[in-house]
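Asker: This is the structure I have questions about; it appears just below.
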Amino acid sequence: MFAGRPDLLPPPAQWVLATLVQGICGRDFYRHAWNALRGGGANMDVLVVMGTSVAWLASTATLLLGHAGPLYFESGATVITLVLLGRLLETRARDRTRAGVESLMRLQPQIAHLDIDGTIQDRPAGSLHVGDVFIVRPGESVPVDGTILQGSSDIDESMLTGEAVPVGKGAGDPVFGATINRDGVLRVRARRVGADTTLARIVRMVQQAQGSKDPVQHLVDRVSAVFVPVVLGIAALTFLAGWAVTGHPAGALT
């Protein structure tokens, strides 16, 4: 397996383990690569399938024919394992981000205490309009973005800024949806509601980021679209040239 060093596993054992990795762990790569090729393109899955399949096929042929050439079973298995590990870490990071967004959304109250001509009426927070006046009591979350008309309090804005120390707010200061009113009663005029609130925009940006590819992924796909056909073309020309020189197809493989 390595020059100047005996194989750590017998070749048949290497073949069994590599075949399991190739056929079970790598099955999604084959499916995605086939879908990409059917669509007339080539992406990173095509690169992984092409490289690992060639390593497995060449090593299998060497093993079956009893040649003394090197085996590359571990190379293909390592590539598949590392790519799968990277995707697992990416999925876990997205799941944690999604859980964080969901916890932020749960901080936004469902009920707002609407002030209508001095009378307090409980209404769904989603029914508020810009200009409505509402009351925020101590310990409650602010339903939407607004401007304080009366009262003063310390507002916990850690869910937006990460700052653990509450911020003192008074008349004329802005407040944001889902932040927590620590003490004091606030009379607030709604400034942004629904999808225009700061919290809603944060959630929307996170969801857009999760649904889009990283720039490096776009670069890999663009490179793959050119690299794969070029490599296959060079391999085909090399095979034909070797066949022409040796006069036998087997000679093109040596």
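The values are calculated or read from the model by the stated rules, or taken from the named source; none is laboratory data. All figures in this text were calculated on a predicted structure; none of them were measured in a lab. Reconstructed Cβ throughout: ideal geometry from the backbone, glycine too, with neighbour counts over all protein chains shown. Each accessible area value is taken on the protein alone, full model and side chains, heavy atoms only, with ligands, DNA and RNA left out. Shrake-Rupley method; radii C 1.70, N 1.55, O 1.52, S 1.80 Å.
Asker: Can you name every residue in the stretch 186-209 that is in contact (Cβ under 8 Å) with a residue 60 or more places away in the chain and open to solvent by 90 Å² or more (accessible area, probe 1.4 Å)?
Answerer: Gln207, the sole residue that qualifies.
Asker: Does Thr246 fit the bill of being among the polar types (S, T, N, Q), modelled with pLDDT of 80 or more and open to solvent by 60 Å² or more (accessible area, probe 1.4 Å)?
Answerer: no
Asker: Another one. If I filter the stretch 36-46 down to residues being more than 18 Å from Leu84 (Cβ to Cβ) and part of a helix (DSSP H, G or I), which single residue comes out as modelled with the lowest pLDDT?
Answerer: Leu37
Asker: Return yes or no: is Leu57 open to solvent by 50 Å² or more (accessible area, probe 1.4 Å), hydrophobic (A, V, I, L, M, F, W, C) and within 30 Å of the chain's Cα centre (by Cα)?
Answerer: No, not satisfied.
Asker: Would you check which residues across the stretch 21-46 are within 21 Å of Val230 (Cα to Cα), in contact (Cβ under 8 Å) with a residue 40 or more places away in the chain and either of a type in the set (A, V, I, L, M) or surrounded by fewer than 20 Cβ atoms within 10 Å (Cβ to Cβ) (or both) and list them?
Answerer: Answer for the stretch 21-46, where residues must be within 21 Å of Val230 (Cα to Cα), in contact (Cβ under 8 Å) with a residue 40 or more places away in the chain and either of a type in the set (A, V, I, L, M) or surrounded by fewer than 20 Cβ atoms within 10 Å (Cβ to Cβ) (or both): Gly41, Ala42, Met44, Val46.
Asker: Further, regarding this structure: Tally the residues that are at pLDDT below 85, open to solvent by less than 40 Å² (accessible area, probe 1.4 Å) and farther than 29 Å from Val46 by Cα, restricting the search to the stretch 64-118.
Answerer: Adding up the residues that qualify gives 3.
Asker: Considering the stretch 102-121 alone, what residues qualify as being small (Gly, Ala, Ser) and either in contact with a strand residue (DSSP E or B) (Cβ under 9 Å, 6 or more places away or on another chain) or assigned to a helix (DSSP H, G or I) (or both)?
Answerer: Ser103, Ala112
Asker: With Asp145, Asp154 as the choices, which residue is in contact with a Lys or Arg (Cβ under 6 Å, 6 or more places away or on another chain), charged (D, E, K, R), closer than 30 Å to Gln208 by Cα and at pLDDT 90 or above?
Answerer: Asp145
Asker: Then there's this: Search the stretch 153-179 for residues that are closer than 21 Å to Ile111 by Cα and free of Cβ contacts under 8 Å to residues at least 24 places away in the same chain and pair each with any residue that is open to solvent by 50 Å² or more (accessible area, probe 1.4 Å) and in a strand (DSSP E or B) when their beta-carbon atoms are under 6 Å apart and the residues are at least 6 apart or on different chains.
Answerer: Pairs found: Glu157/Val167.
Asker: Taking the stretch 141-172, which residues are over 34 Å from the mean Cα position of the chain (by Cα), surrounded by 16 or more Cβ atoms within 10 Å (Cβ to Cβ) and in a loop (DSSP other than H, G, I, E, B)?
Answerer: Once the filter is applied, which keeps residues that are over 34 Å from the mean Cα position of the chain (by Cα), surrounded by 16 or more Cβ atoms within 10 Å (Cβ to Cβ) and in a loop (DSSP other than H, G, I, E, B), the stretch 141-172 yields only Gly151.
Asker: Let me ask something else about it. For the stretch 47-101, how many residues are more than 15 Å from Gln210 (Cα to Cα) and either in contact (Cβ under 8 Å) with a residue 40 or more places away in the chain or in a helix (DSSP H, G or I) (or both)?
Answerer: Qualifying residue count, the stretch 47-101: 35.
Asker: Does the stretch 218-225 contain at least one residue that is open to solvent by less than 80 Å² (accessible area, probe 1.4 Å), modelled with pLDDT under 75 and either within 30 Å of Ile155 (Cβ to Cβ) or not hydroxyl-bearing (Ser, Thr, Tyr) (or both)?
Answerer: Yes, there is a match, as at least one residue in the stretch 218-225 is open to solvent by less than 80 Å² (accessible area, probe 1.4 Å), modelled with pLDDT under 75 and either within 30 Å of Ile155 (Cβ to Cβ) or not hydroxyl-bearing (Ser, Thr, Tyr) (or both).
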